[in-house]
Structure formats: C-alpha cells, structure tokens
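Have a look at the structure below, then the notes.
We did not get these values from a lab; they are worked out from the coordinates using the rules stated. If you're wondering where the values come from, they're calculated on a predicted model, not measured in any experiment. Ideal geometry is used to build each Cβ from the backbone, glycine not excepted, and the neighbour counts take in all protein chains shown.
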Amino acid sequence: MIETALIMIALGVFAGIAGAILGLGGGIIVTPILTLAFGLNIKYAIGASIIVVIATSSGSTIAYLKDEVLNLRVAMFLEIATTIGAVAGSLLTGVLDPKYLYVLFGLLLIFSGFNMFRKLRMKPDDYRSGKEDAIAKKLELNGSYYDKNLKKTIDYQVTNVPSGMSVMFGAGLASGLLGIGSGAFKVIAMDTFMKMPLKPSSATSNLMMGVTAAASATVYFFNGTILPNIAVPLAIGILGGAVVGSRVMQILPTKLIRIVFIPILLYIGANMLFQGFGVKL
Amino acid sequence: MKDQPSKQLNQEMNSIELIIGKILRIGVIISATIMIIGWLLLVITGKSGYVGNFHPTSFRAIFAGVATLKPYAIMMLGIYCLILTPVLRVIVSIYSFYKERDMLYVYITMFVLIVLIVSFFIGLSQA
C-alpha cells in the first residue's frame, strides 16, 4: 500500500509541475497513466483527475502571495462562457452526437498546434499588436506581467473577445458532454484567438480549470468515484509539484514552453479525430 | 479613459492582495494537512476504518468517521476541503473587485459563484 502511495506522490509531483507550466491541469497526464499502467477503471481515473486539476490549480495559486502572471479579469469573464458551456453540455448529452464534436475539436486542436508552430518564429514583442480592441477595453481585459526570463514587464492587449468566448464555450461544452479536460482549449482560446502571451494564458487557464473542476467535483465526490487512497497521495504530490511548476514557468523561456506544448496539442487532437471517426487505438 | 487610481487606493489594493494571498494559502494548507493526517493514520494503523474498499461519501458518514478518527473519513474530509479552495478563490476575488470599486467585475464574479453553488446542489441531488 505504501509503495503505491509513494508512486502516486511521485506521479503527482510530475503532473503538478507539468500541469502548472502548461496550463493543462494535469488530468491529461494522470488519467492515461492510472488506466494503462495501474489498470484502474476509467470511472475512478476520471474521479482522480478532477482532484488532480483542482490541486494543480490551487497549488499554482499559492506559489506566490500576489498573482503576478494570471489575468483575473480574463479568468472571471471567460468563466461565464465555460460554466454555461458545461451546463449546456451536460444537458445535451444524448441529444448531440459526440462524434461530430470529437471531429470538430480534434481539428481545432490540430489547427492550433500548427498556429503555435508558426508563433515559434515570432518575437515576444510581436504580441503588442497595438490594436485597441473596443470590447477588451470596455471590459478592462488588457494586462501586463513581469517576465522573469526576459527580465522585463510585458504589456499585452487582448483582442477577438467574442471568438475567445466561443472557444471557451466549446471548452465547457467538451467537458460537460465528453468528460474531457479542457485545459488545452482554454490555453488556445487565450493564446491563439485572443492573442494573450503564453505565460498569462497558461496561468489563467489553471485558475479557470480549478473553478470549473470544483463545479463538477461535487458530483464525483458524492457518487463515490473519488477514491481516497489514490486521490490523497496524488493531491499531496501535485500541490507540491504545482508550487514548483508555477515558479519554474516564470523563469522558463516562452519558446521552450511552446515547444513542449505543440506535440501535446497534436496528440490530443489526433486522439479526438480518431475517436470521432470511430478508430480504436 | 479610466481614472488614474490614487496612491492611497493603490496601497490599499496591495495590502488587500497580500491578505487574499495569505487566506488562499491557509485554505490550501488546511486541506493538505487534513489529507496528510488521514493518510499517515492509514499508513501507521494499516486500516482504513471501513470494511473492504468502502469509503464514506455522505457528510453524515464522513463526520461520524472523523469523530472516531477513521483514516478514510479524514482523507475524504481533506479532499472536500481541497474541492472548496477554488470556491474560496472566487469569493475572495469578489471582495477584491469590490474594494477596487469595480462593480462590473463584482457582478461577473458573483455570477460565476452562483453557477458554482447551483452545480454543488446538482451534485448533491445526484448523489
């Protein structure tokens, strides 16, 4: 028993670090390992991954007393779209054929993967589009953060708020309907559509994922799919890992984070496409 | 043009941010501590406090188990506290926007909190 727990803690530390850096919540890392390597029923793996997401989110929140990177206004504003999407998704279960959603979201992820690849060759300065976006201005979404890698403050302007919100709605829909983690979509909505820099996108995604996961966690908690002997050591490891990860993220070059991010996007995207076309891997 | 915030307001916001940071930290530390205590009890005694793989999922069963120091009950309580930490985050954000006199975001964040509360009750009703 103690061996399993120590492995869970180690897995948690790893997932916490990776999740906090990439803004993916860590579920995408933990779920396949729990099901494939530990033979855990997918039902319990999903229950555990909900706790993984919350622990990553809360762990990265407390790494600093003051949030230097995340954009609280963007988070709360977009959270409206995500939560409505999640509720709509759970109501549409059985009405909408998930097949088309898998194909649609799979294509979106692959498109974003290529878009990110293009961004690799851009300088961080290119983010300052200079364009004033009326909606972003009205909602005071523009922000700035101190980049510890470049050692300077980066001011950024947010654009395309409606399309960002649509993707966020889709992210909520996907998590409500397909039961998949939507961290990838959240980062894409901010980074690709709203032109936020990657680090604030990732940090904001982590905050939002915790809030969204807390909403669905109650269902899992009360129906018994969150197993304490698995969730507790995982959560303890993740809290520690996420504190480290969100500190590491601030000093890493954005380019490196992107290089790690792209194959993960393509992997999830291809997986969803296969699922949509009914191909079993 | 947004009004330039006064120096006083800026200082006030700085101290509010620090207090919020500390509240969130304490919330996470409390849930982690409860989880670790439960887990250590489990490892030391080698017993979950329940028959087989059963673990308590209702508030009544969890609190009854915590009162008799059953490891699984304490672990579940810790997990529940962890689930509440993002909610705590939303609540303190409302306060922070209120102090910034940003009523638009007070309403936006309150909407998010209401959706969270509604989904909590959906979760309870589906149990």
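Calculate I(q)/I(0) for the protein assembly as shown by the Debye formula, one identical point scatterer on each C-alpha and no solvent, and give its log10 at q = 0.06, 0.08, 0.10, 0.12 Å⁻¹ to two decimals. Here the Debye-derived log intensity ratios amount to -0.22, -0.40, -0.64, -0.93.
Each 5 Å bin from zero up to the one holding the largest Cα-Cα distance in segment A:128-228 carries the following percent of pairs: 2, 12, 19, 20, 16, 12, 8, 5, 3, 1, 0.
The residue among A:Ile226, A:Met165, A:Gly12 whose Cα reaches farthest toward the positive pole of the charge dipole of the protein assembly as shown, with charges on the beta-carbon of Lys, Arg, Asp and Glu, is A:Gly12. In the protein assembly as shown, helices alone account for a calculated mean residue ellipticity at 222 nm of -24500 deg cm²/dmol, with every DSSP H run of four or more residues adding -39,500 (n - 2.57).
Kindly identify segment B:82-127 as rounded, prolate or oblate by the Cα gyration tensor criterion: order the square roots of the eigenvalues as a ≥ b ≥ c, call it rounded if a/c is under 1.5, otherwise compare a/b with b/c, prolate if a/b is larger, else oblate. Oblate, since a/c reaches 1.5 and b/c is not below a/b. Calculated on the alpha-carbon coordinates, the convex hull of chain B measures out at 117 cubic angstrom per residue.
Computed from Cα positions, the angle between helix A:2-22 and the longest principal axis of chain A comes to roughly 20 degrees.
Is there a simple number for the mean count of other chain Cβ atoms within 10 Å of the Cβ of residues in B:74-80, and what is it?
On the way: counts 2, 7, 6, 1, 5, 11, 5.
Across B:74-80, the average partner-chain Cβ count within 10 Å equals 5.
When the pairs A:Lys195/A:Lys255; A:Lys66/A:Lys199; A:Lys43/B:Lys70; A:Lys119/A:Lys186 are compared against a 21 Å limit on Cα-Cα distance, A:Lys43/B:Lys70 fall above it. The C-alpha atoms of chain B define a longest principal axis, and helix B:7-45 lies at about 10 degrees to it. Taking the C-alpha atoms only, the angle from helix A:254-276 to the longest principal axis of chain A is near 50 degrees.
Tell me, what is the FRET efficiency for A:Ile42 and B:Gln11 to the nearest 0.05, using R0 = 60 angstrom and their Cβ-Cβ distance as r?
Efficiency for this residue pair is about 0.70.
Averaging the sequence gap over all C-alpha pairs within less than 8 Å and six or more residues apart, then dividing by the number of residues, gives chain A a relative contact order of 41 percent. Mark the label point 7 Å from the Cα of A:Lys138 along Cα→Cβ and return the residues of segment B:93-114 whose backbone N is within less than 17 Å of it. Counting only backbone N, you get B:103-108. With the simple spin-label model, which puts each label point 7 Å out from Cα in the Cβ direction, the B:Thr33 to A:Val260 separation comes to 3.2 nm. Panel values: segment A:56-101, Kirkwood radius from alpha carbon pairs, Stokes-Einstein at 37 °C and 0.692 mPa s, translational diffusion coefficient 248 µm²/s. Note on A:Leu65 and A:Arg121: the model spin-label points, each 7 Å out from Cα along the C-beta direction, lie 4.6 nm apart. Run a plain Debye calculation on segment A:175-223 (Cα atoms as equal point scatterers, no solvent) and give log10 I(q)/I(0) at q = 0.14 Å⁻¹, rounded to two decimals, same order as the q list. Treating every Cα as an identical point scatterer, log10 I(q)/I(0) equals -0.39.
For segment A:259-281 and segment A:34-54, what is the centre-to-centre distance using only Cα atoms, to the nearest Å? The two parts, judged by their Cα centres, are 19 Å apart. Distance between the modelled labels on B:Lys99 and B:Ser58, one decimal in nanometres: 4.1 nm (7 Å Cα→Cβ projection).
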